[in-house]
């Protein structure tokens, strides 16, 4: 049997072109007809819909309270879709009282039950639609149906279920997600999972700990990142165990979480993490140290200012500027590092925080610094460049820097 | 002679057939992808992306050169973009007018020594300014570098965010454009290194205070034809190429990149004619040479509206420049062709660009000449000649209508019936004589490049200030 290429070849261009012309013109006509028909249909559909939305909106309170019997609209698919959409949109933007009223309406009218049923029975896009709607309701009875959605073979369904559970923002939803990842592993992109867990574990972050202990990489890193976001002072001791973890993300998470713990506990750990070989661990440690606002963190922040990574330098500078006291001494210490990138980072942070004037005033008023040195510091502040190496001045400045260390 | 003409015509036939089939395949892929994208968006809520603490910061770089009339509106629009952690870096690229002065007055700029690490080559920086009105605004004032690439490099040197979005300061971004363009990155931050958004034609639309009020089709034929071209290029071409991770161009008017990767390839090439295409090609090369798993994505709904040339002369210049840019990138990338190391880029994307983009004007013009010659010499039947022309016309129309269909079933920005009918009408009219003129402009671009004219010449635009008058 001849191949398709042989057939085309034997047909020759002339015969082929005639057929192709016919096919192309028929396609053009069909496309045009489809576009025009679709436009006409949609125009009519939306006109009808707008009219109905207007009518329902006028009777919204009666509809919500149940004065208008649910059966009046529930059996008409067109009305049902509109009412559900309107209720979910209202729920999205409503205050707690109104939310409770809307949720009651969704329950009483059987809309939640219907969506739970659809989420369990349907597959594909219809299941996704049901899961999204359930997530929007934030009704706890939807959690189990959403949890079942997590075990669907289609990743889009799993994502919709995950987002829905995240929307619940409750520990029960977190339990379902954590049980699922412990069972299946990481079967969705990390970010939606982290996002959902951050929302759900914010209330009880300690529920993450057993899962982090027994999870394996890369799930462990993902959970570590979540822990870093939701950690509270109460977790101080638990976070310590991750400070020496072999996974970079977990060390970073510990560093991030330590900013919420007691200074006595955090200081040594964060100082150590600020010298970690991984840049983002150092970055998190420096950011956390900056948040502690304790003078004992200044030496580490100063060393962060000379870090090889520009983000670490910048965050260290921001941390130093945050002190707002002892600015002249800190500035002297910054100069003493003899690191021009560090100096730039500090001046940037200073100017971004609009604190340059404060430093000038403090330099003017300082009694600890002699006049020559003041001139030198002012010159650095003005030019943004390090002074030429001068033994006397350097030792003078270094004394102030040493005092800070 | 007759034999040569016969072979040439035969080759031309197959060239057209393969090129049209390639476009048809792309159309099918694109329609399928768009439909999936629309459904996927159903489970997304942009407000959730906004609320999550995991949304990474973005620095938006907007180069400006002599834009005193529109810069304030543009900056305000960019600052109004819906995104949780945004930094705006406006680069005043040696403007000879009062661009910097009007920004100083409007945004209370004060000189700062912000972080500026000159890792990427650019003309000397005169000063850095931060706004007292909105601390997210940083202005880099530099000497004229003679190219947009040079200005963007200066902006990149001041970036501290992990992602950078390059825009044209005279384009209009929809408010949620950044949130939308970040979706692929948020879904897979380790793998996705760059995302391109869609560019749409602004001409004809109603603008108020730099914000798009109502989308309308332009009045001039030449502008409407460009609307179809943009729909075809973005909604079919880029959508389909991105599906195979072979997207070779992210428009300089709107794209997001991971800053560390842009730095690692040295930023934009200052002397590049098509700097946006050049950057993406170098990113592909870099990632493939490093053997890193990566993705360059395209998202069709974060929209950036830009002004297109409204007269033949400007359009001709623009298209000649694009062709020069294409050659300027493809020639240095020739060693990527058909090499296992560069995978699908070397085996599909680059050969396609060589064959059906770069050489298209040469093949089409030569083909027309040989067909006419063959018809005159009696080597080609008049019937076949006319049939061939009709076939080319009908097939090209299918692709154009397909692009309009894509717009209709997905984003539907043209709501007016009159606009849609006109748009569809132009799908039939664009082929003569616009297509032939287009080929001549592109041929001219190639000729200029081969003669050594490698200068970067910006296109003249009316800008946002003028657009407000619509």
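So here's what we get for this one:
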item	result
Residues within the stretch A:104-136 that are surrounded by 16 or more Cβ atoms within 10 Å (Cβ to Cβ) and farther than 29 Å from residue A:154 by Cα, tallied	2
Single match in A:240, A:219, A:208 (criterion: crowded, with 23+ Cβ neighbours inside 10 Å and more than 14 Å from chain B (Cβ to nearest Cβ))	A:208
Some residue of the stretch B:155-168 being free of Cβ contacts under 8 Å to residues at least 60 places away in the same chain and either farther than 24 Å from residue A:342 by Cβ or in a strand (DSSP E or B) (or both)	no
Any chance residue B:82 is surrounded by fewer than 20 Cβ atoms within 10 Å (Cβ to Cβ) and either within 14 Å of chain A (Cβ to nearest Cβ) or over 30 Å from residue B:190 (Cβ atoms) (or both)	no
Lone unmet requirement of (1) buried (at least 16 other Cβ atoms within 10 Å of the Cβ); (2) under 20 Å from the mean Cα position of the chain (by Cα); (3) in contact (Cβ under 8 Å) with a residue 40 or more places away in the chain for residue B:357	(3)
Residues that are in a helix (DSSP H, G or I) and away from chain A (no Cβ under 13 Å), drawn from the stretch B:427-443	B:429, B:434, B:435, B:436, B:437, B:438, B:439, B:440, B:441, B:442, B:443
Single unsatisfied condition, residue B:465 versus (1) away from chain A (no Cβ under 14 Å); (2) surrounded by fewer than 17 Cβ atoms within 10 Å (Cβ to Cβ); (3) modelled with pLDDT under 85	(2)
Subset of the stretch B:404-421 (residues that are crowded, with 18+ Cβ neighbours inside 10 Å and free of Cβ contacts under 8 Å to residues at least 40 places away in the same chain)	B:408, B:420
Which listed residue, of A:332, A:317, is farther than 27 Å from residue A:255 by Cα, touching a helix residue (DSSP H, G or I) at 6+ places or on another chain (Cβ under 8 Å) and either within 11 Å of chain B (Cβ to nearest Cβ) or part of a helix (DSSP H, G or I) (or both)	A:332
Matching entry among B:166, B:183 (being under 16 Å from residue B:83 (Cα atoms) and within 14 Å of chain A (Cβ to nearest Cβ))	B:183
Unique residue being assigned to a loop (DSSP other than H, G, I, E, B) and over 19 Å from residue A:163 (Cα atoms) when the list is A:68, A:82	A:68
Looking only at the stretch B:94-125, and only at residues there that are in a strand (DSSP E or B) and more than 29 Å from the chain's Cα centre (by Cα), the one that is nearest to the other protein chains (Cβ to nearest Cβ)	B:112
Some residue of the stretch B:173-180 being within 14 Å of another protein chain (Cβ to nearest Cβ), surrounded by fewer than 20 Cβ atoms within 10 Å (Cβ to Cβ) and part of a loop (DSSP other than H, G, I, E, B)	no
Every residue from the stretch A:299-328 that is surrounded by 20 or more Cβ atoms within 10 Å (Cβ to Cβ) and in contact (Cβ under 8 Å) with a residue 40 or more places away in the chain	A:302, A:305, A:328
Filtered residues of the stretch A:212-244 (kept if farther than 15 Å from residue A:182 by Cβ, at pLDDT below 85 and not in a helix (DSSP H, G or I))	A:231, A:232
Filtered residue count, the stretch B:200-230, keeping only those that are assigned to a helix (DSSP H, G or I) and either farther than 22 Å from residue B:275 by Cα or not assigned by TED's automatic domain parsing to the domain that holds residue B:304 (or both)	7
Lone unmet requirement of (1) crowded, with 20+ Cβ neighbours inside 10 Å; (2) touching a strand residue (DSSP E or B) at 6+ places or on another chain (Cβ under 7 Å) for residue B:127	(1)
Residue A:272 vs. criteria out of contact with any strand residue (DSSP E or B) (no Cβ under 7 Å at 6 or more places or on another chain), in a helix (DSSP H, G or I) and under 14 Å from residue A:205 (Cβ atoms)	no
The lone exception for residue B:332 - which of (1) modelled with pLDDT of 95 or more; (2) not in a helix (DSSP H, G or I) it fails	(1)
Identity of the residue in the stretch A:180-203, facing chain B (nearest Cβ under 10 Å) and not in a helix (DSSP H, G or I), that ends up modelled with the highest pLDDT	A:188
First in the stretch A:7-31 and more than 14 Å from residue B:390 (Cα to Cα) and more than 7 Å from every other protein chain (Cβ to nearest Cβ), second anywhere and modelled with pLDDT of 60 or more and assigned to a helix (DSSP H, G or I), Cβ under 7 Å, 6 or more apart	A:8/A:16
Output for the stretch A:120-156, where each listed residue is within 14 Å of chain B (Cβ to nearest Cβ), over 19 Å from residue B:187 (Cβ atoms), assigned to a helix (DSSP H, G or I) and touching a helix residue (DSSP H, G or I) at 6+ places or on another chain (Cβ under 6 Å)	A:127, A:130, A:133, A:134, A:136, A:137, A:146
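The values are calculated or read from the model by the stated rules, or taken from the named source; none is laboratory data. These figures come from a predicted structure and were not determined experimentally. With ideal geometry, Cβ positions are generated from the backbone for all residues, glycine too; neighbour counts draw on all protein chains shown.
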